[in-house]
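The values are calculated or read from the model by the stated rules, or taken from the named source; none is laboratory data. Quick caveat: nothing in here was measured; it's all calculated off a predicted structure. Note that each Cβ is placed from the backbone with ideal geometry, even for glycine, and that neighbours are counted across all protein chains shown. The accessibility values were calculated without ligands, DNA or RNA, using every heavy atom of the protein model including side chains. Shrake-Rupley method; radii C 1.70, N 1.55, O 1.52, S 1.80 Å.
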Amino acid sequence: MKQEIYDIASAFITDKDVQISTFGFNGDIGYTFTKYGLADYPYCLTIFAEAKAPRKRREKGYISPRPGVFVRGEKYIEKHYGKINIKRGTASGDGYGNRTLTEYITEHEVGSALDKTQCDMKRFFTRIQSPKFFKIVNMAEKRMLGQISTADNTAQLFNMIYRLKANQK
């Protein structure tokens, strides 16, 4: 599943007919690639990561961004993971997650690599832990700057999304 997400993300980024928008501030990264013409509704690829290093927090309960992790007690370490998701339509959501086709959260935290207050060595090692995620981020940055070649990936994207939907059933 992990490799499929990166393949689909790469196809979205290199597609010539995709609409691109950026979001995020204070070092956060966020890219949205919207592709029309695959179905009656558009498909959106979103890449997001917060630029914050892990930090200790005190609360009574906390739900981690990693699925199925709940931390009880007063102390926990808040980590910031990278996220890639593919959804139907351009709205942020319907409240039930029905628009989200698939979502991938990195295994390791990536926030330290984007946090400018961290030392270079820590930022470097954080990038090494999630190389495919940062490769996709670099591709997205190059696409925004027009430094990457594009092609018509409509058929490839249609087949990848169709297989992804078939595997979910």
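General observations
- Among the residues of segment 26-35, those that are assigned to a strand (DSSP E or B) and either of a type in the set (F, W, Y) or without any contact (Cβ under 8 Å) to a residue 40 or more places away in the chain (or both) comprise G30, Y31, T32, F33.
- Of residues in segment 36-60 being in a strand (DSSP E or B) and closer than 27 Å to L157 by Cα, the one most open to solvent (accessible area, probe 1.4 Å): F48
- Taking residues in segment 1-25 that are in contact (Cβ under 8 Å) with a residue 12 or more places away in the chain, and partners anywhere that are open to solvent by 40 Å² or more (accessible area, probe 1.4 Å) and of a type in the set (S, T, Y), the pairs with Cβ atoms closer than 6 Å and at least 6 places apart or on different chains are T14/T150; K16/T150.
- Within segment 105-147, the set of residues being among the aliphatic types (A, V, I, L, M), open to solvent by 80 Å² or more (accessible area, probe 1.4 Å) and part of a loop (DSSP other than H, G, I, E, B) comprises L145 only.
- Residue within segment 129-147 that is modelled with pLDDT of 90 or more and acidic (D, E) present: yes
- Any hit, segment 16-26, residues being crowded, with 16+ Cβ neighbours inside 10 Å and more than 14 Å from A155 (Cα to Cα): no
- Close pairs (7 angstrom Cβ cut-off, 6 or more residues apart or separate chains): over 21 Å from H108 (Cα atoms) in segment 41-53, basic (K, R) anywhere: Y41/R88; P42/K35; Y43/K35; Y43/R88; C44/K87
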